[in-house]
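Everything on this sheet refers to the single structure shown next.
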Amino acid sequence: MNLTADGEERWKDVVKVIFDYGNMLSNALNEDDTTDTCKEGEKKLRRIWEEVAKLDRIRFDQTSPGAVYSFSSSVAQSISKHGTEQCLSIGSMLNESSDTFPLDDVKQFINGINPSNCFIERCSQQAWDEMETVYKDDENNNSNEFKFGKQTEQWYSVDYYVSPVDDEDVVQWESKNTDETSLHLPEPNRYIPRSLDLCEDLPPEAREQRIDKPIEPPNLLVNKSNIGRLWHRLDDRYALPKSSVTILLRTATSENKQQSNGSWQYDPYHSIRSRYLTSLFSDAQAQETYDAYIAGLGFSLSKTSSGFTLTVSGYSDRLSDFALKLIVDLCNVNEGLLKPHFDTTKDKFVRSLKGFFQSSRADSLALHYRNLLMVGKGRGIEENLEIAESMVLDDIMKHHEEIFSDTNMLVECFYTGNVGKEAAEGFFSKATDIIKARRSRVETTIKVKSEYIPGPLERRLLPGEDYELHFHSQNEKEGKSLCLSRLRL
């Protein structure tokens, strides 16, 4: 379990939740076999067992071997342990179903999840400081006789502490959870692929892998100035039931602030707020998207200088539904959704900035200062840290409202993989309808300016025009300059 600073203070409560979950499982299975509770608990666990088996079979059938060097060494090691018949399938539940659910073994395992049968390992500076206080007068235990206190690992000579668990903590962990509804078994996974069939648009010759086939560029299916563009590429090389969709919400508000004359200027406050928003949204979606992750679907939301990029990839059967749900949730972000995650996100953000100079290598620091000289946006880590520490949730909510107040926002979409032309167009239509509906609910505050220039160092080049970027020496009288780059459109 990864904990924040506040979570570290309450690590015993975290341990309590783990034992409460084990107790919930035990109560569901260890009562009289004739009770409805036990029958219902067993039924749910059998269903989960079958879901796991189904996903294991899908992963086994659809996973590519990977790099030859690593694949051959792993197979050779597996053969030495498990033989040639099971060297590839070992660890995958290929032949399991609800009927093969090992009820007795599961009961035995669950009964072992209790405070009297555990080791608790803490890895943090606070844990070390606590142990140093408890065993401050003890020396390293280098004798053969074990005793609690500081130990030295035999191979790398790393010091660590071993201490007994307090009896009071054991009593607390063994007590029953007062809120019986807070923990429960997961509901059926609605993102498990229903079908792994290849797209009907594929010709017969493309239903087998053709790795040597040249890659063709995507096709532009939709190009509307008031909506955006849709690019589509049907996969006819790999013959896999997987797809990927990338959506760019093109808006200047991601890291720019509009000036009184209607032009745009880079603003570090907008940039940091956008980064907060993407991190908060990802954290807030963690529980909702866990089933999708288990079923082979993944997503990422990031800020770019052009706007916000949402990427969703995985098995094509459920991908469109998953992506549309994420778009709906992103458009309808509210304070109630983000508030429980704000402190955690801010803590991670601030700590990463504070530790940048201490934890980064020399070449990373050099690249950081090089980018400051060449890009000319902001004043670096120090300024970002000051802004991040002053950020409050209300700033993020106002920023989200401003983003969807931009009537000049365009949607750039690239849908590729096991998806046909009509399906891609249908998805794009639904996605843009969601965004337009959200935008229509807010009062327009962003002024449209056709000659929009995102930043002071960006300029549209005319066809055939050369542009050189020079870095001038401090002594301007010498007239010396260094040409860093030369561009031609």
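Residues are listed down the side, and each one gets a yes or a no for (1) aliphatic (A, V, I, L, M); (2) part of a helix (DSSP H, G or I); (3) within 22 Å of Thr4 (Cβ to Cβ):
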| site | (1), (2), (3) |
| --- | --- |
| Ser320 | no, yes, no |
| Gln358 | no, yes, yes |
| Gly378 | no, no, no |
| Glu383 | no, yes, no |
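Quick grid of which residues meet (1) assigned to a helix (DSSP H, G or I); (2) modelled with pLDDT of 90 or more; (3) surrounded by 14 or more Cβ atoms within 10 Å (Cβ to Cβ):
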residue: Asn2; (1), (2), (3): no, no, no
residue: Gly7; (1), (2), (3): yes, no, yes
residue: Phe19; (1), (2), (3): yes, yes, yes
residue: Asp32; (1), (2), (3): no, no, no
residue: Cys38; (1), (2), (3): yes, no, yes
residue: Leu55; (1), (2), (3): yes, yes, yes
residue: Pro65; (1), (2), (3): no, no, no
| request: Report whether or not Lys354 is under 25 Å from Asp6 (Cβ atoms), open to solvent by 50 Å² or more (accessible area, probe 1.4 Å) and touching a residue at least 40 places away in the same chain (Cβ under 8 Å). | output: no
| query | For the range 105-126, how many residues are open to solvent by 100 Å² or more (accessible area, probe 1.4 Å) and within 16 Å of Val14 (Cβ to Cβ)? | reply | 3
| said: Quick check on my filter: what residues within the range 332-374 are among the aromatic types (Phe, Trp, Tyr) and under 16 Å from Arg275 (Cα atoms)? | reply: Phe342, Phe349
| query | Does the range 274-283 include one or more residues that are out of contact with any Phe, Trp or Tyr (no Cβ under 8 Å at 6 or more places or on another chain), closer than 17 Å to Ser405 by Cβ and open to solvent by 10 Å² or more (accessible area, probe 1.4 Å)? | reply | no
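Rundown of residues vs (1) basic (Lys, Arg); (2) touching a residue at least 12 places away in the same chain (Cβ under 8 Å); (3) in contact with a helix residue (DSSP H, G or I) (Cβ under 8 Å, 6 or more places away or on another chain); (4) not in a helix (DSSP H, G or I), yes/no style:
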site	(1), (2), (3), (4)
Arg229	yes, yes, no, yes
Ser260	no, no, no, yes
Arg273	yes, yes, yes, no
Ser279	no, yes, yes, no
Ser282	no, yes, no, no
Gly296	no, yes, yes, yes
| field | Filter result for the condition that a residue is hydroxyl-bearing (Ser, Thr, Tyr) and free of Cβ contacts under 8 Å to residues at least 12 places away in the same chain, over Ser300, Ser390 | value | Ser390
| request: Filter the range 284-296 down to residues that are closer than 20 Å to Leu196 by Cα and open to solvent by less than 10 Å² (accessible area, probe 1.4 Å), then give me how many there are. | output: 2
| task | With the condition kept exactly as written, say whether any residue in the range 334-342 is open to solvent by 20 Å² or more (accessible area, probe 1.4 Å), modelled with pLDDT of 95 or more and of a type in the set (Lys, Arg). | result | no
| task | Return the total of residues in the range 392-413 being surrounded by fewer than 19 Cβ atoms within 10 Å (Cβ to Cβ) and farther than 16 Å from Thr304 by Cα. | result | 11
| remark: The condition from (1) more than 11 Å from the chain's Cα centre (by Cα); (2) over 23 Å from Gly378 (Cα atoms); (3) buried (at least 20 other Cβ atoms within 10 Å of the Cβ) that Thr253 misses is numbered (2)
| Scope the range 78-104; condition over 32 Å from the mean Cα position of the chain (by Cα), hydrophobic (A, V, I, L, M, F, W, C) and open to solvent by 40 Å² or more (accessible area, probe 1.4 Å); matching residues | Ile79
| note | When the range 111-127 is checked residue by residue, the ones that are in a helix (DSSP H, G or I) and more than 30 Å from the chain's Cα centre (by Cα) are Asn111, Pro115, Ser116, Asn117
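Each row is one residue, and each column tells you yes or no for (1) open to solvent by 60 Å² or more (accessible area, probe 1.4 Å); (2) part of a loop (DSSP other than H, G, I, E, B); (3) at pLDDT below 90.
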| position | (1), (2), (3) |
| --- | --- |
| Asn141 | no, yes, yes |
| Gln154 | yes, yes, yes |
| Asp179 | yes, yes, yes |
| Leu183 | no, yes, yes |
| Asn189 | no, yes, no |
| Cys199 | no, yes, no |
| Asp212 | yes, yes, yes |
| Leu220 | yes, no, no |
| Asn226 | yes, yes, yes |
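Here is a yes/no grid of residues against (1) open to solvent by 40 Å² or more (accessible area, probe 1.4 Å); (2) over 22 Å from Met409 (Cα atoms); (3) among the basic types (Lys, Arg); (4) modelled with pLDDT of 95 or more:
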{"position": "Leu301", "(1), (2), (3), (4)": "no, no, no, yes"}
{"position": "Thr304", "(1), (2), (3), (4)": "yes, no, no, no"}
{"position": "Gly307", "(1), (2), (3), (4)": "no, no, no, no"}
{"position": "Leu310", "(1), (2), (3), (4)": "no, no, no, yes"}
{"position": "Ser313", "(1), (2), (3), (4)": "yes, yes, no, yes"}
{"position": "Phe322", "(1), (2), (3), (4)": "no, yes, no, yes"}
{"position": "Lys325", "(1), (2), (3), (4)": "yes, no, yes, yes"}
{"position": "Val328", "(1), (2), (3), (4)": "yes, no, no, yes"}
| task | Inspect all residues belonging to the range 259-268 and state whether any of them is among the small types (Gly, Ala, Ser) and surrounded by 20 or more Cβ atoms within 10 Å (Cβ to Cβ). | result | no
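The values are calculated or read from the model by the stated rules, or taken from the named source; none is laboratory data. For clarity, every value in this text was computed on a predicted model and none was experimentally measured. As a convention, Cβ positions derive from the backbone with ideal geometry for all residues, glycine included, and neighbour counts pool all protein chains shown. Just the protein is used for accessible areas: all its heavy atoms, side chains included, with ligands, DNA and RNA removed. Shrake-Rupley method; radii C 1.70, N 1.55, O 1.52, S 1.80 Å.
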